[in-house]
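Step one of this worksheet: look at the structure below.
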């Protein structure tokens, strides 16, 4: 078991974000944060940290769309001007790329959002067991 953190102690946002990116518990960094693809666990299996307080909602989706759009739009423009592929070929290749990148980023963005909420003690993450 990992030691519990004092309620007055500051939580490192950076380390929590790195743990969230790896889809690990923001408290201990060992237990899995997600069960399945996007479902957040109620509690950490390793340290027992309650994770059900999270309110990620649509945030991870918006950030994923933002990142994928900013990476793919210039890439599509570059590929079209440099190679002049057929429109169907271009659309097919970049559709697969957009879907693949989105599927990769979405659970990591969810982990990031939950970890930031945990580090900032938002939505009930800061309450102690009274």
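Descriptive notes on the structure:
- Using a Förster distance of 30 Å, the FRET efficiency for residue 73-residue 127 (Cβ separation, nearest 0.05): 0.10
- Going from the fewest other Cβ atoms within 10 Å to the most, the residues 37, 62 appear in the order 37, 62.
- Sorted ascending by nearby beta carbons within 10 Å, beginning with the fewest, 77, 34 become 77, 34.
- Relative contact order for the chain, counting Cα pairs under 8 Å that sit 6 or more residues apart, in percent: 38
- With a Förster radius of 22 Å applied to the beta-carbon distance between residue 89 and residue 66, the computed FRET efficiency rounds to 0.25.
- Ranked for footprinting exposure by Cβ neighbours inside 10 Å, fewest first, 21, 78 give 78, 21.
- Given R0 = 22 Å, the distance between the Cβ atoms of residue 46 and residue 14 translates into a calculated FRET efficiency of 0.60.
Readers should treat all values here as calculations from the given coordinates under stated rules, not as data from a laboratory. Here the structure is a predicted model, which means the values were calculated and not measured. Cβ coordinates were reconstructed from backbone atoms using ideal geometry, including for glycine residues, and neighbour counts include every protein chain displayed.
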